[in-house]
Amino acid sequence: MMFVLRRWIQTAATALSNAYLLFPFTRNIYQGKLKSVCVPGLNCYSCPAATGACPLGSLQTMLATVRPSAKAGNAHIGLYVLGILGIIGSLVGRMPCAWLCPFGLLQELIHKIPSRKIEIPYWMIYIKYAFLAFFVVLLPLLVVDGFGYGTTWFCKYVCPAGTLEAGIPMLILQPQLRELVGWLYASKVGILLIFLTLMVFIRRPFCRIVCPLGAIYSLFNKVSVFRMVHHPDKCVLCKECYNHCPMGVRFYEGANQPDCIRCLKCMQESCKFGAISYEIAGLPVALKKKTTSPL
């Protein structure tokens, strides 16, 4: 039941984040007032159907313009983005990755393709923090042009979601742009193809290895209002939570790990012993009843 609900919410979130259906006629992106609002998941601002802004792109834009803004006396502009990320993270941690992110939904669907599945080394989950630090924060802030403006490095050079949702569709909608295609576009398409292939074999590879937005939300996992709870006295180390986790989290090693996206699959579908529950503001909310004896 929880799986079906999550799929419906993921689908609805994807549809709402891309609800501008006039793009086949306008052949351009939506630029209305809703574009000033950040969506909680990774959804490219330049997608022709996008109705909101990507928080990751908005954060880079803020940092890329911080020097000119400071000179103009408007250094506070853009703190809205940090506020949105802080509010979401402090309330639910990395839960938007499981319930609201269109690119997360895509990865889960592609992983269903029958194939030999591969697990990544645990240390690779920390690579996303390097992407966050360098491509999202340091490079846009420090590498600037003669006027003091930086660029959105992650969006421009890495993000496969942007290529899929914006780069390819805009070339279809505006054929004249094809004359501008060069090595950068080719490299972005190559990155997209690599990740589409990895999605078949690896559980959410982009989320676990690269995604800076997931890295930001994960920083709040242990302190957010919504938290997962592990009950060691009921856990039999069957590892079913790990086997069915879309992020490959070993929940039996501790709750609220950085890669836990609070999809609740472990609690509702995997654990038969009531060893997993969640709490809100420290108050237990959904303690699953034990259905099988651990002995």
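The values are calculated or read from the model by the stated rules, or taken from the named source; none is laboratory data. Keep in mind it's a predicted model, so treat the numbers as computed, not measured. Note: ideal-geometry Cβ built from the backbone for every residue, glycine included; neighbour counts use all protein chains shown. Areas reflect the complete protein model, heavy atoms only, side chains present, ligands, DNA and RNA absent. Shrake-Rupley method; radii C 1.70, N 1.55, O 1.52, S 1.80 Å.
Miscellaneous remarks
- When Leu105, Leu198, Leu109 are screened for being open to solvent by less than 30 Å² (accessible area, probe 1.4 Å), in a helix (DSSP H, G or I), aliphatic (A, V, I, L, M) and within 26 Å of Arg262 (Cα to Cα), only Leu105 passes.
- All conditions in (1) modelled with pLDDT under 95; (2) closer than 22 Å to Tyr217 by Cα hold for Gly148, with the sole exception of (2).
- Of all residues in the range 22-40, at least one satisfies being under 22 Å from Leu192 (Cβ atoms), touching a residue at least 12 places away in the same chain (Cβ under 8 Å) and open to solvent by less than 40 Å² (accessible area, probe 1.4 Å).
- Of all the residues in the range 83-102, those that are free of Cβ contacts under 8 Å to residues at least 60 places away in the same chain and either open to solvent by 80 Å² or more (accessible area, probe 1.4 Å) or among the hydroxyl-bearing types (Ser, Thr, Tyr) (or both) number 1.
- Single match in Arg250, Arg227 (criterion: open to solvent by 20 Å² or more (accessible area, probe 1.4 Å) and touching a strand residue (DSSP E or B) at 6+ places or on another chain (Cβ under 6 Å)): Arg227
- Qualifying position, being over 14 Å from the mean Cα position of the chain (by Cα), farther than 26 Å from Leu132 by Cβ and in a helix (DSSP H, G or I), among Ala15, Ala19: Ala15
- Residues of the range 155-169 satisfying the condition of being open to solvent by less than 40 Å² (accessible area, probe 1.4 Å) and either under 17 Å from Pro102 (Cβ atoms) or among the polar types (S, T, N, Q) (or both): Cys159, Pro160, Ala161, Gly162, Thr163, Glu165, Ala166, Gly167, Pro169
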